[in-house]
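What follows is a set of notes on a single structure, which appears directly below.
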Amino acid sequence: MPLLPSVRVHHPHVELTPEGSPVVVGSRVPVRRLWAWHRRGTTIETLLKRYPQLGPARVLDALAFAYDNQDLVLADLDREQALLGKAEVPTDPEQTKLPFTRR
């Protein structure tokens, strides 16, 4: 697994997993996911409805982290796509298809 770039600007509501992926503190929500949806037009309100446990401060700080550390977040997205074998990141958080089936 390739190493991700280092953090350029730290933010209080974002931490790194042992693998180096940024996530929202106190959750397992990846910053890459919030940022990818937001960059494709998903509103802050929709993200807050999808992740009400995060609250506005953590969602907005995660997005600020992503914009301050775009090289890290892009590399994290690329790594996720390689692991999942996908060419595109989902655009709608309500329609995310997982790589396994329900039993």
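The values are calculated or read from the model by the stated rules, or taken from the named source; none is laboratory data. Given the structure is predicted, the values throughout are model-derived calculations rather than measurements. Cβ sites come from the backbone with ideal geometry, for glycine too, and all protein chains shown count toward neighbours. For the accessible areas, the whole protein counts, side chains as well, though only heavy atoms, and no ligand, DNA or RNA atoms are used. Shrake-Rupley method; radii C 1.70, N 1.55, O 1.52, S 1.80 Å.
Would you mention how many residues in segment 17-35 are out of contact with any His (no Cβ under 9 Å at 6 or more places or on another chain) and either more than 9 Å from Ala66 (Cβ to Cβ) or loosely packed, with under 15 Cβ neighbours inside 10 Å (or both)?
Residues in segment 17-35 being out of contact with any His (no Cβ under 9 Å at 6 or more places or on another chain) and either more than 9 Å from Ala66 (Cβ to Cβ) or loosely packed, with under 15 Cβ neighbours inside 10 Å (or both): 11 in total.
Which of the numbered conditions does Gly55 fail, given that it passes all the others? Conditions: (1) at positive phi; (2) at pLDDT below 95.
It fails just one condition, (2).
Any idea which residue in segment 41-57 is most open to solvent (accessible area, probe 1.4 Å), counting only those that are among the hydrophobic types (A, V, I, L, M, F, W, C) and farther than 15 Å from Pro30 by Cα?
Ala57
Could you tell me whether Arg103 is among the basic types (Lys, Arg), surrounded by fewer than 16 Cβ atoms within 10 Å (Cβ to Cβ) and either at pLDDT below 95 or touching a Lys or Arg at 6+ places or on another chain (Cβ under 6 Å) (or both)?
In short, yes.
Quick check on segment 58-66. Is at least one of its residues surrounded by 12 or more Cβ atoms within 10 Å (Cβ to Cβ), more than 10 Å from the chain's Cα centre (by Cα) and under 21 Å from Gln81 (Cα atoms)?
Looking for residues that are surrounded by 12 or more Cβ atoms within 10 Å (Cβ to Cβ), more than 10 Å from the chain's Cα centre (by Cα) and under 21 Å from Gln81 (Cα atoms), one finds at least one in segment 58-66, hence yes.
Cβ-Cβ below 6 Å, separation at least six or inter-chain, first residue in segment 1-29 and in a strand (DSSP E or B), second small (Gly, Ala, Ser) and surrounded by 11 or more Cβ atoms within 10 Å (Cβ to Cβ): which pairs?
Val14/Ala62; Val24/Ala62
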